[in-house]
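Note sheet for the following structure.
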There are 2 protein chains.
Amino acid sequence: MIHIEIEKKELLKGLSLMQGIAGRKTTLPILSHIYMEWKKNSLFLTGTDLETGIQEELSATVHEEGKASISSKKLYEIVRELPEQTIQIHKKENHWIHLKCGKSVFNIAGLDPEEFPSLPVWQENSFSVVSTRMIREMIERTVFAASNEDSRYHLNGILFTQQKAEGKESLRMVATDGHRLSLVDREGQVIRGVEKGIIVPKKGILEIKKIVGDKEGEGEMGVYFDNTHAFFKMGKSLMVIRLIEGEFPEYDQVIPKNNDKKLKMGKEMIYGSLRRVSTMASERAEGVKLSLKKNSMELSSYHQDFGDAKEDIDIQYEGPPIEIGFNARYLIEALQSFDTEEILIELKDEGSPGIIRPHSPPASSHQLCIIMPMRI
Amino acid sequence: MIHIEIEKKELLKGLSLMQGIAGRKTTLPILSHIYMEWKKNSLFLTGTDLETGIQEELSATVHEEGKASISSKKLYEIVRELPEQTIQIHKKENHWIHLKCGKSVFNIAGLDPEEFPSLPVWQENSFSVVSTRMIREMIERTVFAASNEDSRYHLNGILFTQQKAEGKESLRMVATDGHRLSLVDREGQVIRGVEKGIIVPKKGILEIKKIVGDKEGEGEMGVYFDNTHAFFKMGKSLMVIRLIEGEFPEYDQVIPKNNDKKLKMGKEMIYGSLRRVSTMASERAEGVKLSLKKNSMELSSYHQDFGDAKEDIDIQYEGPPIEIGFNARYLIEALQSFDTEEILIELKDEGSPGIIRPHSPPASSHQLCIIMPMRI
């Protein structure tokens, strides 16, 4: 007897979204599984590594309700090879399932679905509705600056917070690894639960980016935070991410206030120049020196084994000569997050952090990166 | 003073072909370099790992002849980022070069070019001219069966030999890893120097495949063998490969003569079925069982942890029931090398090697794979 029928394409879509999460941690065998539950006209798939969880609702024809727990990777490998036809699934004893598609027949071993860890509970009516594109853009403009070092756990994520200035509310995201910081504000945007500031880990953020990329059609998504978790709802996908506990640094204090030397230049011009000159930067420090004169900047680098490189570019700058070194990759990644044709760099002196920002973004959007200088 | 001028695009093309070879071995620092020599209207690039060498002739404007030895990887990284303009190069003292393109200026450290190992000498008029497509096809139909195990050095390549049957000469290529063998003949094709059988290593063969892929336009190529090296000339590229010393196995003896059970089937049908059923084969043995009945074959597999799979397909077969196991990947790779819609499998019994071949290839072409059976 068939318990559930589902199109191969539909099941493959759901399984492929699970692959980044299920099986990432191998401490508990059941975490390499996906939990399947079928009822009414849906098959629900759930995968989790206990930090990030994802649930997908798929369209299916359910003849008899049931649940199962099956290896995520193996099921994905099988379904990927199946013909584009209807898959018939029958739950057998001992947690096995019987799967049939076209002329292929599979008996697949499973575990007790009752042992699968359940996702934290969410409240359907607590979600704030926000623009999917806005969330994606704000993430892309901050996430690159988050730390990858396990020892700096509280910096391994993006701070979500609510900002009030001149009576206007903004949603703010901030990320920093201690050497650089990126910050973006979106005016008029309010999300319940982030007022006090919550930290969403980078790993989960990157999974959201992936799903959002798959759902470009969805104009809106739901976002909701409780004390321990963030919940993101995109179409029929739900993602749950455990928040990072700990204090985010007092980033307001590191934003320089007196950077009076202002440089304006074309983004593509400095981007290409940095990519060329940084080929001669040392692999470890990745340093590039910027040497400023009136309306001109020389970029230069030196590699102990391979030689040196330099390039002059035209900029708008009226201040005194100054030389300052930066990590080239930090500059390049900041530039990649900007979507304006021109950019501004604001400096104080060779020992103080620089600010780099797009020029000029829409009035409702505010973005900047701060980068620590380095000796070259 | 400028010594040589070359378009960025032209230099990048040459450098990218070198990247697979230069720097592969790091025993001698100079092997991570490319040798550059400019004279008349050409820049010659040479890279070698002492087993495989490649020389490219590029179009350039030479103002003063010279040579240099520069890090292959670093030069490639730099040139890749340059604008699409003319590159000017000037040889400086101490083996450095000065490179300028657009507004970018590089000083690049080098080594003494006289220390670069020279390629073996070849004779321009000794090359046999053959069809590039034929060489590519014959390689693709054999190379997958060559061994990757370092301990079986004499099996790490393709045997090139000349075959005579019924007064007709054929070029033959054979590869085997001891578990399977692939053989292809091309009637009427003669290459000087391979009569006694020479073994060209797989690594070099794969580099040839890459270059041939880049030069689809070139209808013909030159091939030449001396006692120690193979030489392949494709357009302005020349590749030199050190032959493998040692005896190739007496492969004629392992070709079964009495495989009287003949099965005919559609290639796509068995290919798809093998891909599906093999998802449940064990990772180590990759075994799939074929169970034959009149005009039907069941493919099945079993995995200790994950379960089992099976599928029935329609074939043409008039013989008695027989069950035989094969490594699924060996069957799949053999099928991928065939370009006919139907294939033949010829079996004797469950303990004897099977033959798999395309049905029916052009009369001038002859191809077969032999695969050892396995217990399932």
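The values are calculated or read from the model by the stated rules, or taken from the named source; none is laboratory data. The model shown is predicted, which means the values in this text are computed figures rather than measured ones. Because the Cβ atoms are built from the backbone with ideal geometry, glycine has one as well, and the counts that use them run over all protein chains shown.
Quick look at the numbers
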{"quantity": "Complete set of residues in region B:272-290 that are surrounded by fewer than 17 Cβ atoms within 10 Å (Cβ to Cβ), more than 8 Å from chain A (Cβ to nearest Cβ) and not aliphatic (A, V, I, L, M)", "calculated": "B:SER282, B:GLU283, B:ARG284"}
{"quantity": "Matching residues, region B:188-243, being in contact with a Lys or Arg (Cβ under 9 Å, 6 or more places away or on another chain) and part of a helix (DSSP H, G or I)", "calculated": "B:LYS203, B:GLY204, B:ILE208, B:LYS209, B:VAL212, B:GLY213, B:ASP214"}
{"quantity": "Matching residues, region A:239-263, being modelled with pLDDT of 95 or more, over 30 Å from A:LEU347 (Cβ atoms) and not β-branched (Val, Ile, Thr)", "calculated": "A:MET239, A:ARG242, A:LEU243"}
{"quantity": "Yes/no for A:LYS203 being of a type in the set (D, E, K, R) and either crowded, with 20+ Cβ neighbours inside 10 Å or in contact with a strand residue (DSSP E or B) (Cβ under 8 Å, 6 or more places away or on another chain) (or both)", "calculated": "yes"}
{"quantity": "Filter pass, B:ILE139 being within 26 Å of B:ASP49 (Cα to Cα) and in a strand (DSSP E or B)", "calculated": "no"}
{"quantity": "Residue check for A:LEU292: touching a residue at least 60 places away in the same chain (Cβ under 8 Å) and not acidic (Asp, Glu)", "calculated": "no"}
{"quantity": "Condition met for A:LYS168 (in the same structural domain as A:LYS73 (by TED's automatic domain parsing) and either surrounded by 20 or more Cβ atoms within 10 Å (Cβ to Cβ) or of a type outside the set (S, T, N, Q) (or both))", "calculated": "no"}
{"quantity": "Failed item, numbered, when B:GLY235 is tested on (1) more than 27 Å from B:ASP150 (Cα to Cα); (2) under 26 Å from the mean Cα position of the chain (by Cα); (3) within 14 Å of chain A (Cβ to nearest Cβ)", "calculated": "(3)"}
{"quantity": "Residue list for region B:132-146, filter: in contact with a Gly (Cβ under 9 Å, 6 or more places away or on another chain), surrounded by 15 or more Cβ atoms within 10 Å (Cβ to Cβ) and at pLDDT below 95", "calculated": "B:THR132, B:ARG136"}
{"quantity": "Of the criteria (1) among the hydroxyl-bearing types (Ser, Thr, Tyr); (2) in a helix (DSSP H, G or I); (3) closer than 20 Å to A:PRO361 by Cβ, which one A:SER182 fails", "calculated": "(2)"}
{"quantity": "Residue among A:GLU318, A:GLU283, A:GLU298 that is modelled with pLDDT under 95 and either more than 30 Å from B:ILE30 (Cα to Cα) or under 34 Å from the mean Cα position of the chain (by Cα) (or both)", "calculated": "A:GLU283"}
{"quantity": "Scope region B:292-328; condition buried (at least 16 other Cβ atoms within 10 Å of the Cβ) and away from chain A (no Cβ under 14 Å); matching residues", "calculated": "B:LEU292, B:TYR317, B:ILE322, B:ILE324, B:GLY325, B:PHE326, B:ASN327"}
{"quantity": "Boolean, B:LYS92 is more than 14 Å from chain A (Cβ to nearest Cβ) and among the basic types (Lys, Arg)", "calculated": "no"}
{"quantity": "So A:SER364, is it surrounded by fewer than 17 Cβ atoms within 10 Å (Cβ to Cβ) and either under 26 Å from A:GLY188 (Cβ atoms) or away from chain B (no Cβ under 14 Å) (or both)", "calculated": "yes"}
{"quantity": "Residue within region B:47-61 that is within 14 Å of chain A (Cβ to nearest Cβ), without any contact (Cβ under 8 Å) to a residue 60 or more places away in the chain, surrounded by 18 or more Cβ atoms within 10 Å (Cβ to Cβ) and on the phi < 0 side of the Ramachandran plot present", "calculated": "no"}
{"quantity": "Verdict on A:ARG152 being part of a strand (DSSP E or B) and without any contact (Cβ under 8 Å) to a residue 40 or more places away in the chain", "calculated": "no"}
{"quantity": "Only one of A:GLU37, A:GLU65, A:GLU56 that is of a type in the set (Asp, Glu), within 24 Å of A:LYS203 (Cβ to Cβ) and outside the structural domain of A:VAL212 (by TED's automatic domain parsing)", "calculated": "A:GLU56"}
{"quantity": "Residue, farthest from the other protein chains (Cβ to nearest Cβ), within region A:112-121, restricted to residues that are in a loop (DSSP other than H, G, I, E, B) and surrounded by 17 or more Cβ atoms within 10 Å (Cβ to Cβ)", "calculated": "A:LEU119"}
{"quantity": "Unique residue being touching a His at 6+ places or on another chain (Cβ under 6 Å) and not polar (S, T, N, Q) when the list is A:MET234, A:MET280", "calculated": "A:MET280"}
{"quantity": "Residues being part of a helix (DSSP H, G or I) and aliphatic (A, V, I, L, M) - total across region A:122-136", "calculated": "2"}
{"quantity": "Residue count for region A:252-271, restricted to those that are in a loop (DSSP other than H, G, I, E, B) and either surrounded by fewer than 17 Cβ atoms within 10 Å (Cβ to Cβ) or within 14 Å of another protein chain (Cβ to nearest Cβ) (or both)", "calculated": "5"}
{"quantity": "Condition broken by B:PHE44, with the remaining ones in (1) within 12 Å of another protein chain (Cβ to nearest Cβ); (2) within 17 Å of B:GLU5 (Cβ to Cβ); (3) of a type in the set (A, V, I, L, M, F, W, C); (4) without any contact (Cβ under 8 Å) to a residue 24 or more places away in the chain satisfied", "calculated": "(1)"}
{"quantity": "Residue in region B:101-111 that is within 24 Å of the chain's Cα centre (by Cα) and either more than 23 Å from B:MET234 (Cβ to Cβ) or within 13 Å of chain A (Cβ to nearest Cβ) (or both) present", "calculated": "no"}
